[in-house]
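Enquirer: One structure coming up, written as structure tokens, with questions to follow.
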Amino acid sequence: MAQNIDWSNLGFGYIKTDKRYVSTYKDGAWDAGTLTGDDMISMSECACVLQYAQTCFEGLKAYRTEDGRIVCFRPDLNASRLADSASYLEMPVFPQDRFVEAVRQVVAANADFVPPYGSGATLYLRPFMFGINPVIGVKPASEFQFRIFCTPVGPYFKGGAKPITIRVSDFDRAAPHGTGHIKAGLNYAMSLHAIVDAHNQGYAENMYLDPATRTYVEETGGANFIFITKDGTLVTPKSSSILPSITRRSLMVVAEKYLGMKVEERPVKLSELKDFAECGLCGTAAVISPVGKVVDHGTDICFPSGMEKMGPWTQKLYDTLTGIQMGRIEAPEGWIVEI
Ligand code: PLP
Ligand code: COI
């Protein structure tokens, strides 16, 4: 019941909403797709997703604007990234125009669950696909489901905008020529031990290094990095094994076009970290979460922005990005889809 939700105190958790979208792929074609109230999935014990993890997913949000409209942020980019993930995992692509239409349907059908403007919460949408027919030899499924459910969420990290402490991980989330660049469920399975271990040691997240040489910064389990130099340049790691974050790609435009900053996407050495003024994690769930400290095997790398609040450039990026997402600031053409 949406009426009973305490919007301002939501964490990043799952709350069942009214409707979700389902489409099935069988005999070489996607069916018409439909909204359903049923949140349960029934499948063979030998379904490809259960045995060989043939699944990929997306994450995007719907926002309530100050004047009460509901909007989504760049769903076309989620559609095309899911298409890339599906292709790489030998799954059929869900047509990208149908993806955006399904997003619209799910948000409209769950409009009561879109949190009020100013509550700090948003409606998180989780599109995903998986191989559903029985497969016992290692090969792709031939039948699939595409689904989108949604759930209202608050901040991904407890404390919201308070800087977090992360550690340099000894574990990898992606292999050098593996699946780091797509949003495959298996990447997240790879990160579960690392995140539990990080939490047990008091860290909010892992900083993964490049899996081949372990000298360059890659990303965290669920967000890309942005760094700000002392002279106000936004630097973000370039790597073939990180997920191309839609938030990060949007921030590069915001930095350059709205804030007049210089932007560099390039390999970032771990040894450079100590020279940056600010650091943040960016993603749909993370929005921009400031990082105050990175611990590298007992050595603290403390950013001058400190542990109390976001650095000034991170704050400007945050305000501009969320202003665009919530309709306070004019968006570049095509970024906002009204429901
Ligand atoms: N990196 C990883 C590993 C992620 O899971 C996510 C979340 O989607 C991101 C980065 C951020 O991507 P986006 O900004 O498209 O949400
Ligand atoms: C997102 O930001 O949408 C993510 O997928 C990150 C995490 C929740 C897995």
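The values are calculated or read from the model by the stated rules, or taken from the named source; none is laboratory data. What you see is a predicted model, and the numbers here were worked out from it, not measured in a lab. When we count neighbours, we look across all protein chains shown, and the Cβ atoms used for this are built from the backbone with ideal geometry, even at glycine.
Enquirer: Out of 151, 165, I need the residue that is part of a strand (DSSP E or B), within 18 Å of residue 270 (Cα to Cα), modelled with pLDDT of 95 or more and hydroxyl-bearing (Ser, Thr, Tyr). Which one?
Expert: Result of the check over 151, 165: 165.
Enquirer: Going by what's in this entry, would residue 103 be described as of a type in the set (A, V, I, L, M, F, W, C), part of a loop (DSSP other than H, G, I, E, B) and in contact with a helix residue (DSSP H, G or I) (Cβ under 6 Å, 6 or more places away or on another chain)?
Expert: The answer is no for residue 103.
Enquirer: Within the group 208, 124, 216, 156, which residue is of a type in the set (Phe, Trp, Tyr), within 15 Å of ligand 1 (Cβ to nearest atom) and in contact with a Pro (Cβ under 9 Å, 6 or more places away or on another chain)?
Expert: Residue meeting the stated conditions: 124.
Enquirer: Do you know which of the residues in region 84-97 that are surrounded by fewer than 18 Cβ atoms within 10 Å (Cβ to Cβ) and part of a helix (DSSP H, G or I) is nearest to the chain's Cα centre (by Cα)?
Expert: Here the answer is 84.
Enquirer: Next up: Could you give me the residue pairs with C-beta distances under 6 Å whose first residue belongs to region 273-295 and is surrounded by fewer than 22 Cβ atoms within 10 Å (Cβ to Cβ), whose second residue is basic (Lys, Arg) wherever it lies, and which are 6+ apart or on separate chains?
Expert: Hits for this filter: 277/230; 295/167.
Enquirer: Report whether or not residue 98 is within 21 Å of residue 2 (Cβ to Cβ), more than 13 Å from ligand 2 (Cβ to nearest atom), basic (Lys, Arg) and touching a residue at least 12 places away in the same chain (Cβ under 8 Å).
Expert: Answer is no for this residue.
Enquirer: Within region 30-77, considering only strands (runs of 3 or more DSSP E) that don't extend past its boundaries, which have at least 3 residues that are crowded, with 17+ Cβ neighbours inside 10 Å and not small (Gly, Ala, Ser)?
Expert: Because the criterion is at least 3 residues that are crowded, with 17+ Cβ neighbours inside 10 Å and not small (Gly, Ala, Ser), the strands (runs of 3 or more DSSP E) in region 30-77 that meet it are 55-57, 60-64, 70-73.
Enquirer: Of the residues 235, 287, 294, 263, only one is among the β-branched types (Val, Ile, Thr) and more than 19 Å from residue 220 (Cα to Cα); which?
Expert: None of the others qualify; the one that does is 263.
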